[in-house]
Amino acid sequence: MRILVVEDEQGISNFLKQGLEEEAFAVDVADNGKVGLELALSGNYDLLLLDWMVPGMSGIELTRLFRKEYPATPIIFLTAKDTVDETVFGLQNGANDYIKKPFHFEELLVRIRVQMRNQVQTEEKLTLGPIVLEPEKHLVLLEGKEVPLTQKEFALLEYLVRNKNKVCRRTRIIESVWDIHFDYNTGIIDVFINSLRKKLQLKKGEDYIQTIRGVGYMAKDL
């Protein structure tokens, strides 16, 4: 699971990154709203942690713009603002939850896990043509029959399906599925794509996972 932290106080962002990575999350950090929005719109994140007041663009404005493209991705505000009116304003403008600074890391973890549990419950099934994914059960069905996949194969297929009809660049795939941030031989993706196609018995003319030459892949209903 990948989280984007948008926070301009370096001490807080470093603390969050270290703590969340120790809990097995992949974490990216932006120190201003404009960079945060650019990263967020990549579609590469399962949850956003946003400071309300960051330079370049406020967390509120970032949320409004992000919600136009990704209405379901959970967003938690981290902020010193603590009046009822401010809390309501934040929630009305797209936040799923709100935690006031200073906060206990354990409380933040619980809030993150609640949001992800809610996300899974609202997305019990993902579909791609005749293919059905049930993320909570780690289950893939093809025309009602279970298809056994490895953990990485499932993660790759889930990433592609969650970004259905969008071109998924190789660098984004390798970062999200393999959690590798440096220049890496992305040829491993081709190996796993070929394995997925074989296990899903995709025949000629059933190109639900399309190759975008020189760029990456795209999952698409035919």
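The values are calculated or read from the model by the stated rules, or taken from the named source; none is laboratory data. The model shown is predicted, which means the values in this text are computed figures rather than measured ones. As a convention, Cβ positions derive from the backbone with ideal geometry for all residues, glycine included, and neighbour counts pool all protein chains shown.
If P135 satisfies every condition in (1) more than 21 Å from N194 (Cβ to Cβ); (2) surrounded by fewer than 13 Cβ atoms within 10 Å (Cβ to Cβ) but one, which is the exception?
Checking P135 against (1) more than 21 Å from N194 (Cβ to Cβ); (2) surrounded by fewer than 13 Cβ atoms within 10 Å (Cβ to Cβ), the one that fails is (2).
Which members of the stretch 32-41 meet the condition of being hydrophobic (A, V, I, L, M, F, W, C) and outside any helix (DSSP H, G or I)?
L41, the sole residue that qualifies.
Return only the number of the condition from (1) within 14 Å of the chain's Cα centre (by Cα); (2) assigned to a loop (DSSP other than H, G, I, E, B); (3) not charged (D, E, K, R) that N165 does not satisfy.
For N165, the exception is condition (1).
Determine which single condition T171 fails, assuming it passes every other condition in (1) surrounded by fewer than 12 Cβ atoms within 10 Å (Cβ to Cβ); (2) modelled with pLDDT under 90.
Single failed check for T171: (1).
Does the stretch 113-127 contain at least one residue that is more than 21 Å from L48 (Cα to Cα), at pLDDT 90 or above and not in a helix (DSSP H, G or I)?
yes
Using the structure shown, decide if E23 is touching a helix residue (DSSP H, G or I) at 6+ places or on another chain (Cβ under 9 Å) and among the acidic types (D, E).
When the stated conditions are applied, E23 passes them.
Which of the following residues is modelled with pLDDT of 90 or more, of a type in the set (V, I, T) and under 21 Å from G43 (Cα atoms): I189, I131?
Sole residue among the options that is modelled with pLDDT of 90 or more, of a type in the set (V, I, T) and under 21 Å from G43 (Cα atoms): I189.
Yes/no matrix, rows are residues, columns are (1) in the same structural domain as R162 (by TED's automatic domain parsing); (2) more than 25 Å from L160 (Cα to Cα); (3) under 19 Å from the mean Cα position of the chain (by Cα):
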residue: D8; (1), (2), (3): no, yes, no
residue: G19; (1), (2), (3): no, yes, yes
residue: K34; (1), (2), (3): no, yes, yes
residue: N44; (1), (2), (3): no, no, yes
residue: L48; (1), (2), (3): no, no, yes
residue: I60; (1), (2), (3): no, yes, no
residue: T63; (1), (2), (3): no, no, yes
residue: P71; (1), (2), (3): no, no, yes
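For a quick check of your reading of the model, give me the residue pairs whose first member lies in the stretch 89-106 and is in a helix (DSSP H, G or I), whose second is surrounded by 14 or more Cβ atoms within 10 Å (Cβ to Cβ) and polar (S, T, N, Q), with beta-carbon atoms closer than 9 Å and at least 6 apart or on different chains.
The qualifying pairs are G90/T63; G90/T79.
Hey, among the residues in the stretch 2-31 that are part of a loop (DSSP other than H, G, I, E, B) and buried (at least 16 other Cβ atoms within 10 Å of the Cβ), which one's modelled with the lowest pLDDT?
It comes out as F25.
Which of the residues belonging to the stretch 55-72 are surrounded by 20 or more Cβ atoms within 10 Å (Cβ to Cβ) and at pLDDT 90 or above?
If the condition is that a residue be surrounded by 20 or more Cβ atoms within 10 Å (Cβ to Cβ) and at pLDDT 90 or above, then L62, T63, F66 are the ones that fit.
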